[in-house]
1. Residues that are within 20 Å of TYR197 (Cβ to Cβ) and either modelled with pLDDT under 75 or among the charged types (D, E, K, R) (or both): find the strands (runs of 3 or more DSSP E) completely inside segment 75-148 holding 1 or more of those.
2. Answer with yes or no whether SER196 is part of a strand (DSSP E or B), at pLDDT 95 or above and surrounded by fewer than 19 Cβ atoms within 10 Å (Cβ to Cβ).
3. For segment 237-262: of the residues being among the hydroxyl-bearing types (Ser, Thr, Tyr) and farther than 14 Å from TRP145 by Cβ, which is surrounded by the most Cβ atoms within 10 Å (Cβ to Cβ)?
4. Considering only segment 230-251, I want to know if a residue exists there that is of a type outside the set (D, E, K, R), part of a loop (DSSP other than H, G, I, E, B), modelled with pLDDT under 95 and over 30 Å from GLY137 (Cβ atoms).
5. What is the residue count in segment 263-278 for residues that are surrounded by 13 or more Cβ atoms within 10 Å (Cβ to Cβ) and either in contact with a Pro (Cβ under 9 Å, 6 or more places away or on another chain) or part of a helix (DSSP H, G or I) (or both)?
6. So which of THR15, THR47 ends up being closer than 28 Å to ALA120 by Cα and either assigned to a helix (DSSP H, G or I) or at pLDDT below 85 (or both)?
Amino acid sequence: MKFVNLVSLVSLATTTFAHGGIYTYNIGDKVYQGNPWHTFDYGDGNTTGIPPDVPSIQRRWYFWPVYDILGANITCNWDGASTSQALHAPIAAGTNITAHYDVRQFNLTSVGQTAWSHAAGPLLAYMARCPGESCEGFDGSGAVWFKIAQYGLQPSATTLEGPWWQWDLIGDPGYNSFPSYDGFSVTIPESLKAGSYLIRHEVIMLASGPQSGSPGTAQFYPECAQLNVTGGGDNFPSDEYLVSFPGAYKPTDPGIILADWSIEELPVAPQYNTTDYVFPGPEVWTGLE
């Protein structure tokens with residue numbers, strides 16, 4: 001990413017902390033540190049996220065949302081596709097990986113965001129098989145991504161105003177206090193073929209306004225991490241489940257084009273007086289097909 005772009009992003013981030021991303025991953029009892037750009041350290045020359053001597057499985061990410069779903073940043077966040085790491089987290093097929101969007105377990109330099117403050121919109125998770133024994137140097141390009149999970153409205157919702165699972169799983173009821181939520185947890189398909197994979201957790205924020213130069217309104221928060229999947233079986237998704245980023249989403253997709261600040265407002269606007277939400281992207285691959 002160009003320096004001038006980061007300067008403008010930092011100036012925005014220091015005035016509002018309504019954005020964020022994944023600070024830590026949990027696999028069993030193991031905690032893996034994330035790799036965010038350090039907002040307040042950037043002026044001191046820390047342009048690479050976490051210190052070089054602290055390994056991370058995560059591709060670098062920045063606090064600001066991605067608006068342009070037709071651009072390269074939709075793959076793995078701001079500059080994330082080109083910031084591969086050496087470390088891969090071993091994980092057995094059929095095991096959960098949980099992403100946390102707060103700093104409770106993040107024991108590195110203090111950063112500006114403490115907890116996730118958004119509520120409206122889906123959570124989605126994708127995986128992509130890396131072409132070699134490692135994901136180092138792989139930018140996630142091509143029709144290689146398959147969806148393994150998605151969370152939308154909770155059963156109690158009567159309109160698109162919510163509640164959404166986004167708030168209960170990763171949101172902070174007090175914003176400045178730490179809730180006892182579980183995080184964004186997904187299961188690696190039990191029959192998935194072993195190998196090196198990128199996992200891409202994504203939050204789509206639908207309570208958002210138009211942005212200059214962007215083809216859409218919704219906010220996207222994708223983050224990628226590197227896994228070494230063990231065990232499993234010989235299954236792998238067929239072409240109908242595979243998509244590319246960019247390419248998987250269009251600004252006119254039903255689950256994206258409805259984005260507007262008013263989705264969270266009461267009384268509920270007529271266009272949101274429904275629970276019929278269409279997830280963007282392909283169908284979820286369960287490993288059974």
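The values are calculated or read from the model by the stated rules, or taken from the named source; none is laboratory data. Remember, predicted model here, so these are calculated numbers, not experimental data. Neighbour counts run over all protein chains shown; Cβ positions are idealised from the backbone, glycine included.
1. Ranges flagged: 123-129.
2. no
3. Once the filter is applied, the top-ranked residue is SER262.
4. yes
5. Final tally of qualifying residues: 4.
6. THR15
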